[in-house]
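Notes for the one structure printed next.
The values are calculated or read from the model by the stated rules, or taken from the named source; none is laboratory data. All of these numbers come straight from a predicted model, not from anything done at the bench. Every residue, glycine among them, receives a Cβ derived from its backbone with ideal geometry; neighbour counts consider all protein chains shown.
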Amino acid sequence: MSNKNTNIVAIVTMCFIFAMISFVTNMAAPFGNIWGNQYEWSKMAGNLMNFVAYLFMGIPAGKMLIKVGYKKTTLIALAVGFIGICVQYLSHFEFLGSTAIFVYLLGAFICGFCVCMLNTVLTLCLPSLAAAETKETSISR
C-alpha cells in the first residue's frame, strides 16, 4: 500500500511539473503580443529564445541529472525558472527604455533553461514510474 501511495504522489508531482512547463513555455506568447506593438519583429521572439535555450541546455541538463539526481535538478530548475520570470518582470520598468526588449528576451532565454531541465527530468522519470506501476500490477495478478 505504501508503494502505491508513493506512486500517486509521484504522478501528482509530475502533473504539476508538466503544468509548470506549459505555463513557462506559453508565458512568452502574451508578452510577445505586447512587445509586438512596439517592435514588429518581436512577436514570437520570446518563444524563439525559449526554444533556443534547449540548444544550449539539452546536454548539460542531462549531465546535471546524472551528477546531482532528479530531486536536486528539479529544484535547481525551479530556481532558474523563478530567476527567469523575475528578469522578464524587470523588463517592464521605464528606466530600461529601448533595452527593455532585450531584458525580456534574456528572461525568456533563462526560462528556457528551466523548461529544458524540467523536461529532461520528466522524460527520464516517466518510464521508470510506468515500469514500477507495471511491475506492481503484474505482481498482483
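Residues checked against (1) small (Gly, Ala, Ser); (2) farther than 16 Å from GLY112 by Cβ:
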residue	(1), (2)
GLY36	yes, yes
ASN50	no, no
MET57	no, no
ALA61	yes, no
ILE66	no, yes
GLY69	yes, yes
THR73	no, no
LEU78	no, no
VAL87	no, no
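Filter region 92-121 down to the residues that are polar (S, T, N, Q) and surrounded by fewer than 21 Cβ atoms within 10 Å (Cβ to Cβ), then identify the one that is nearest to PHE18 (Cα to Cα).
The residue in question is ASN119.
What number of residues within region 21-71 are closer than 17 Å to THR123 by Cα, assigned to a helix (DSSP H, G or I) and without any contact (Cβ under 8 Å) to a residue 40 or more places away in the chain?
9
If we scan region 86-99, do we find a residue that is modelled with pLDDT of 90 or more and of a type in the set (A, V, I, L, M, F, W, C)?
Yes, some residue in region 86-99 is modelled with pLDDT of 90 or more and of a type in the set (A, V, I, L, M, F, W, C).
One line per residue, one yes/no per condition, for (1) closer than 23 Å to CYS15 by Cβ; (2) at pLDDT 85 or above:
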{"site": "GLY46", "(1), (2)": "no, no"}
{"site": "LYS67", "(1), (2)": "no, yes"}
{"site": "LEU75", "(1), (2)": "yes, yes"}
{"site": "VAL103", "(1), (2)": "no, yes"}
{"site": "ALA108", "(1), (2)": "no, yes"}
{"site": "MET117", "(1), (2)": "yes, yes"}
{"site": "ALA131", "(1), (2)": "yes, no"}
{"site": "LYS135", "(1), (2)": "yes, no"}
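Filter region 8-44 down to residues that are among the polar types (S, T, N, Q) and surrounded by 15 or more Cβ atoms within 10 Å (Cβ to Cβ) and give me whichever is modelled with the highest pLDDT.
Here the residue is SER42.
Please specify each residue of region 56-82 satisfying the condition of being over 12 Å from the mean Cα position of the chain (by Cα) and either at positive phi or of a type in the set (A, V, I, L, M) (or both).
ILE59, MET64, LEU65, ILE66, VAL68, GLY69
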